[in-house]
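Data first, discussion second: the structure below is written as structure tokens.
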Amino acid sequence: MNGKKRTRTVDGTCWPCRKRRIKCDLGKPQCRRCILNGTASACHYNALDLRWKIAATSKSDHVPTTPPVSSISDGTSLAINEKRAIDYFVARLWPLLSTSGQPCKPPVSLGLRFKPVLQTICVFSDSHRAQDMNTSEQTLTYQRLACLGSIREYLDRKDVERSHLSSLLTAVILLYFLDGFVDCAQRHASTQFHHAGAIAILTELGGFQKARATSSKATSMLLSEFATTDLTAALLQSRTPYLPANIWREMELQQPVWWEVSDIPKSLASVFETMAEMSFYRHSIGEEQAVCFEKVANFEKTLQPSYLVIGDAVSMDAGDRYEMSLTMATYSFCRAFQHAALIYLYRAICKMPTSHALVQQHVHGCLECIRGVDFLPEVQKCSLFPLYVAGAHALTEVHRTYVIEKLDSIYVNLRFESVVSIRANLIQLWEKPLDISDSTWSDTFKEFTGKTTLVL
């Protein structure tokens, strides 16, 4: 049996993804995961000939090899569990925070130089992985406290270097996402306090734009996602956003951002800018003042859903179906946010009832756009806000069933408690008797746990 060969095949994944124990997208000739991780040359689905081996080839005592140990700048060695957490963060978590086909590199190098960032990456990874493993809650609590203590140690210093403040901002934003996305249902969730901490550091750095201009690419990408979650939370909680509306177009020009930047007439940044303008306008007029219909008409015109026109289609290679499908998905993804923004306009500003034809028209349009990106998991995972807004105003059983099925599908990919929280909130909302005349935007989302849950 010692010299006998056997053939081993791999089903449902390529060999590198199987080795890393992550989900493979089965792309040919190389999968997307391997291309992003720089292991495309090793990506294959072929059979391998393995030799049975029942004994050591040498009679000498076997001496196990010692794994390489990295170190951070202060001399602290990188333990095996920290290395495992970093690998998990790079392969599993970082891709979940972006829809870009080529996202920027994660802040691992920063973590190797700055201890609080390393600790945050580790607690983020271990908390997410704990859903599938029997990780001790006490261990996670200890990790979390050690991370918070390390951040406070730097903040308590009288003269904190600007570079340290920028690094601390990365750590605080990652904690903000950890509590808002992964641990929002836990008692220790402190999403609003991390939000306040990030804003305080941004103020100390000279404001959002200045901080982003002097930060690393990874921090810039995280800041774009921080701004988006602040905007969506502001709309759902009926408050004004932290950031002014005019920063969105500048943000898209100063890449990287979490969304895929494409050459389309109405970019996602322009939609976010209009959403922020509507939020500020709503709070400027208050509850009693009459709405300016000219202003509403301008919002409507700006948010009209954009479609692929014949000129764009002719310029594409008819044989490249994948590129065409990606372009169509980009339009659909942007339209989903446009429909959600129009629902906000009609419900929150114009105070139309849920059953109004204009509201239901955009509920249907929004869900159809989300259905149009079903084949791209990296896009649908960032469509929770339009899905939540449309679902909260869905009146038909067909629409509600699709929303629940889509949330379940997204949860399988993300494993974020925020998805479970949204799902539970929608079911609770649908079980209530609908009062068409009295239900307002604020009434619809008053049960939303915005202090802990983030929606992107």
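The values are calculated or read from the model by the stated rules, or taken from the named source; none is laboratory data. Note that the structure is predicted; figures quoted are calculated from it, not measured. Counting neighbours? That spans all protein chains shown, and the Cβs are built from the backbone with ideal geometry, glycine included.
For segment 243-269, the set of residues classified as under 17 Å from PHE337 (Cα atoms), at pLDDT 90 or above and either of a type in the set (Ser, Thr, Tyr) or more than 17 Å from the chain's Cα centre (by Cα) (or both) consists of ALA245, TRP248, listed by residue number. Among residues belonging to segment 104-119 that are assigned to a helix (DSSP H, G or I) and of a type in the set (Lys, Arg), point out the one that is surrounded by the fewest Cβ atoms within 10 Å (Cβ to Cβ). Within segment 104-119, the match that is surrounded by the fewest Cβ atoms within 10 Å (Cβ to Cβ) is ARG113. For segment 257-310, a residue qualifies if it is among the basic types (Lys, Arg) and part of a loop (DSSP other than H, G, I, E, B), and exactly one does: LYS266.
Taken together, ASP25, ASP61 contain a single residue that is modelled with pLDDT under 80, more than 32 Å from the chain's Cα centre (by Cα) and not hydrophobic (A, V, I, L, M, F, W, C), which is ASP61. Can GLU417 be described as among the acidic types (Asp, Glu) and within 15 Å of the chain's Cα centre (by Cα)? Here the answer is yes, as GLU417 does meet what is asked. Only residues that are free of Cβ contacts under 8 Å to residues at least 12 places away in the same chain and in a helix (DSSP H, G or I): list them for segment 149-161, please. Those that are free of Cβ contacts under 8 Å to residues at least 12 places away in the same chain and in a helix (DSSP H, G or I): GLY149, ARG152, GLU153. The set of residues from segment 162-197 being without any contact (Cβ under 8 Å) to a residue 12 or more places away in the chain, more than 16 Å from PHE114 (Cβ to Cβ) and assigned to a helix (DSSP H, G or I) comprises PHE193, ALA196.
Checked against (1) in contact with a helix residue (DSSP H, G or I) (Cβ under 7 Å, 6 or more places away or on another chain); (2) farther than 26 Å from ARG239 by Cα; (3) hydroxyl-bearing (Ser, Thr, Tyr), SER409 passes all but a single condition, namely (1).
Identify all residues within segment 210-242 that are among the basic types (Lys, Arg) and either assigned to a helix (DSSP H, G or I) or modelled with pLDDT of 95 or more (or both); write none if there are none. Lay out the reasoning, then the answer.
Applying the first criterion (among the basic types (Lys, Arg)) to segment 210-242 yields 210, 212, 217, 239.
Matches in segment 210-242: LYS210, ARG212, LYS217.
Tallying residues that are basic (Lys, Arg) and not in a helix (DSSP H, G or I) within segment 337-395 yields 2. Among all positions in segment 128-150, there is no residue which is crowded, with 21+ Cβ neighbours inside 10 Å, under 28 Å from ARG20 (Cβ atoms), among the aliphatic types (A, V, I, L, M) and modelled with pLDDT of 90 or more.
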